[in-house]
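Okay, structure first, notes after.
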Amino acid sequence: MNNQFQELSMEKKRSIMRCYEFRRENLLDILLDLQEVCPGRCIDTGTAGWVARELGVTETKVSEALTFYTMLHTEPQARFVFEICSSTPCFFTKAQGVADVLSRELEVKEEEITKDGLFAFRFVPCFGSCAEGPAIKLGDEVYGNMTEESLKELIERCRELEGTEP
Ligand code: FES
């Protein structure tokens, strides 16, 4: 059993299972909820095995869900992931400049996670805010016309949300 699994209290895990009445047809919702409370926001092999045993399904079935659903992760994820549109209209409005600011401010390269586990950034295809480039997504929120200043403010807001200092 690895550390991540141990760190998550049994009561918390069981309360999630109870919410879904230990029903195997709720596998996806259970994995999503567990992922939210697991360190690193991912389902590691220990957690996946525990879920399989509790639901009375095979580990293969849990693995298939983890592979199929892109919102489930088996590797540690940053709390805040800046998704920078890299499609042509945003590219011409200096999407690379957004990446440069994030890289400098967060001291990470694309797809790397900051040491505190809070931030990462990556390029993604167009998400429909083409008239507001350079555009980024943060969770479900879209932000357009990004400048160095607005990026710094956004980073600060995220840190405030987590109660952390730079
Ligand atoms: S081209 Fe960037 S959001 Fe569409």
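Coordinate-derived values only; no laboratory data. Source: prediction; values computed, not measured. A quick note on method: Cβ atoms are made from the backbone with ideal geometry, for glycine too, and the neighbour counts reach across all protein chains shown.
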Formal net charge of residues neighbouring F119 (Cβ-Cβ distance under 13 Å; K, R +1; D, E -1): 0
Per DSSP, loop trypsin sites (Lys or Arg not before Pro) in region 75-119 with at most 16 further Cβ within 10 Å: K94, K109, K115
Excluding exposed DSSP-loop GluC sites (Glu not before Pro) (at most 15 other C-beta within 10 Å), longest clean stretch of the chain: 22-106
E54-R159 FRET efficiency (beta carbon distance; Förster radius 35 Å; 0.05 resolution): 0.45
Cα-based helix-to-principal-axis angle, 95-106 vs the chain, degrees rounded to 10: 60
Simple spin-label estimate for R23 and K94 in nanometres, 7 Å along Cα-Cβ: 5.3
The chain: antiparallel DSSP beta bridges as a percent of all, rounded to 5: 50
Chymotrypsin sites (Phe, Trp or Tyr not before Pro) within region 82-166: DSSP coil, no more than 15 neighbouring Cβ in 10 Å: F127
Cα-based helix-to-principal-axis angle, 59-68 vs the chain, degrees rounded to 10: 20
Sequence of M17, M71 once ranked by neighbouring C-beta atoms within 10 Å, starting from the fewest: M71, M17
Zero-based 10 Å bins, Cα pair distances in the chain, whole percents: 10, 33, 27, 21, 9, 0
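For E36 and V124, what is the calculated FRET efficiency with R₀ set at 30 Å and r taken between the beta-carbons, to the nearest 0.05?
Once the sixth-power term is evaluated, E becomes 0.90.
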Computed over region 65-120, Cα set: Rg, Dmax in Å: 13.3, 38
FRET efficiency for S63 and E149, using Cβ-Cβ distance with R0 set to 35 Å, rounded to 0.05: 0.20
Region 80-162: proportion of alpha-carbon pairs further apart than 17 angstrom, %: 38
Given K12/K61; K12/K115; K12/K152; K61/K137, the pairs whose alpha carbons are separated by over 28 Å: K12/K152; K61/K137
Estimated 222 nm signal from helices in the chain, with DSSP H stretches of n ≥ 4 weighted -39500 (n - 2.57), rounded to 500: -14000 deg cm²/dmol
